[in-house]
Amino acid sequence: MANYKIVIPARYSSSRLPGKPLIELSGKPMIQHTYERALETGVKEIVIATDDQRIFDVAKGFGADVVMTNP
């Protein structure tokens, strides 16, 4: 088992593609695809760090640990 943590930064207000973490691909938001790939590593702790309530709510909805950061 891995002994490190993964922190996935997720901003809604990206300059190149706003809302990117919530864009759906194959019926799931991109942030969920990223989270699921991270789970495959076997790491003990995965956290999504965001400054956006929409991303926070979606990530909580699929069971991720999420922390709010300052914008």
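General observations
- Those strands (runs of 3 or more DSSP E) lying entirely in the chain with at least 2 residues under 11 Å from the mean Cα position of the chain (by Cα), charged (D, E, K, R) and surrounded by fewer than 16 Cβ atoms within 10 Å (Cβ to Cβ): none
- Filter pass, Lys28 being of a type outside the set (Gly, Ala, Ser) and at pLDDT 95 or above: yes
The values are calculated or read from the model by the stated rules, or taken from the named source; none is laboratory data. Quick caveat: nothing in here was measured; it's all calculated off a predicted structure. In this analysis, Cβ positions are derived from the backbone assuming ideal geometry, glycine residues included, and neighbour counts consider all displayed protein chains.
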